[in-house]
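The values are calculated or read from the model by the stated rules, or taken from the named source; none is laboratory data. Model, not experiment: these values are computed from the prediction. Using ideal geometry, Cβ is built from the backbone for each residue, glycine included, and neighbour counts are taken over all protein chains shown. Protein only, heavy atoms only, side chains kept; ligands, DNA and RNA dropped before computing areas. Shrake-Rupley method; radii C 1.70, N 1.55, O 1.52, S 1.80 Å.
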Amino acid sequence: MIAQASTFASRVDLLFWGICALSLAIMLLVGSLVLFFAIKYRRGTAAKRGPVPEKVSREVEIGWTAATAFAFVFLFWFAAVVGTEQFEVPEEALEIHVVAKQWMWKVEHPNGTREIDALHVPVGVPVRLVMTSQDVIHSFYVPAFRIKRDVLPGRYVEIGFTPDRAGTYRLFCAEYCGTDHSRMIGSISVMSQADYARWSSARPQGDSLADQGRLLFERMGCTGCHGPSAQVHAPDLAGIHGRMQPLDGGGFVRADEGYLRDSILLPRKDIVAGYRPIMPSYQGIASEDDLIRLIAYLKSPEASNDRSTTAP
Ligand code: HEC
Ligand SMILES: [Cu+2]
């Protein structure tokens, strides 16, 4: 048995064994009926071979059709509930970034702590992983949490879980990704809250992702257009995360992480209403690590403060 270490692991297992049990029950029922009738109606027996009365046969037909339909609709519903749970992550969850590449997992915590092929999380706290790949498709798979999600290049995918048992668990790449795919493994440490706090403070304290993002924002020239003293007509990015942005040509889009990412890499994709498409693309200039930092900065309250205090 694989350890159950997340809040929905037991439900996934219930679903799995439920499907097994139901399939087994139906197999036994059908199998034994086949056997029973094969013996009863074998050649030479005196069993009654006339037509079944219509009323009886109709009731039997309706009965078994309804019962199996109900059983499978119920299974479908239950599977849908369990299956979508890992994509419904509470807003206040601990957000951790994962960048996959051939053949390792790079992990970045909001406070700037980095790990490779390892992830430390506190027990009982909802975690949201925002993941992307630097090269090919990988898949983040932690059997003990019963979570698996393909990690695609060029976009962010999310997955959530709440670990509920301390311990060390295995992380696998579950999408064949080249020569060392089988070695693209890592360890997930679920720690008590106290141990986690100790672990966290024992790490060398660098700048937070948002602070590093602010430096990049200046160094990459974003301030030249988006800064308070810019001469260019460019949108104010303060508090942009989560806002509904009006687009050129009508319609709105929610400024989530994926939108911010595309705004930086593919600025022509969505043009903000009232602006001209003059923003250069940072494709090939901003690395995945840079993007994580820039977006962390745009999401931080600090980004809004910079603006409100120095606005012209
Ligand atoms: C040459 C000026 C210029 C530079 C440099 C520039 N931008 Fe922009 N940016 C714009 C303009 C103009 C728009 C609005 C038109 C559009 O959507 O492309 C924009 C739009 C955006 C948006 C979407 C804003 C919204 O309201 O939805 C984001 C996010 C953004 N830029 C981030 C950045 C980041 C991060 C950098 C630096 C890596 C940067 N920009 C560099 C001019 C610039
Ligand atoms: Cu891989």
**Request:** Only residues that are within 13 Å of ligand 1 (Cβ to nearest atom) and part of a loop (DSSP other than H, G, I, E, B): list them for segment 194-220, please.
**Result:** M220
**Prompt:** Would you call P204 over 31 Å from the mean Cα position of the chain (by Cα) and not acidic (D, E)?
**Reply:** no
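Evaluate the following for A67: is it open to solvent by less than 40 Å² (accessible area, probe 1.4 Å) and part of a helix (DSSP H, G or I)? So that I can check it myself, show each step before the final result.
Numbers: open to solvent by less than 40 Å² (accessible area, probe 1.4 Å): no; part of a helix (DSSP H, G or I): yes.
No: the conditions fail for A67.
Which one is least open to solvent (accessible area, probe 1.4 Å) among residues in segment 239-291 that are in a strand (DSSP E or B) and touching a Phe, Trp or Tyr at 6+ places or on another chain (Cβ under 9 Å)? Step through it out loud before you land on a result.
Of the residues in segment 239-291, the ones in a strand (DSSP E or B) are 244-247, 252-254, 272.
Narrowing further to those that are touching a Phe, Trp or Tyr at 6+ places or on another chain (Cβ under 9 Å): 244-246, 253.
Working: M244: 93, Q245: 16, P246: 53, V253: 34 Å².
For segment 239-291, the residue satisfying everything is Q245.
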**Message:** Out of the residues in segment 221-238 meeting the condition of being touching a residue at least 12 places away in the same chain (Cβ under 8 Å) and open to solvent by 40 Å² or more (accessible area, probe 1.4 Å), tell me which one is nearest to ligand 1 (Cβ to nearest atom).
**Reply:** C225
**Asked** Here are some conditions: (1) touching a residue at least 40 places away in the same chain (Cβ under 8 Å); (2) not assigned by TED's automatic domain parsing to the domain that holds Q134; (3) not aliphatic (A, V, I, L, M). K48 meets all but one. Which one does it not meet?
**Response** (1)
**Message:** Just to check your reading of the model, which residue among E218, E288 is within 16 Å of ligand 2 (Cβ to nearest atom), within 25 Å of H97 (Cβ to Cβ) and not assigned by TED's automatic domain parsing to the domain that holds P153?
**Reply:** E288
**Fill in**
Log entry, pairs with first residue in segment 16-36 being in contact (Cβ under 8 Å) with a residue 24 or more places away in the chain, second being of a type in the set (A, V, I, L, M) and open to solvent by less than 70 Å² (accessible area, probe 1.4 Å), beta carbons closer than 6 Å, six or more apart or on different chains, reads none
**Asked** Residues of segment 156-177 being part of a strand (DSSP E or B), more than 15 Å from V130 (Cα to Cα), within 16 Å of ligand 2 (Cβ to nearest atom) and open to solvent by less than 70 Å² (accessible area, probe 1.4 Å), which ones?
**Response** L171, F172, C173
**Asked** With respect to the numbered conditions (1) more than 30 Å from G83 (Cβ to Cβ); (2) buried (at least 17 other Cβ atoms within 10 Å of the Cβ), which one is the sole condition not fulfilled by V190?
**Response** (1)
**Item:** Failed condition for S133, given (1) open to solvent by less than 40 Å² (accessible area, probe 1.4 Å); (2) within 12 Å of ligand 2 (Cβ to nearest atom); (3) out of contact with any Pro (no Cβ under 9 Å at 6 or more places or on another chain)
**Value:** (3)
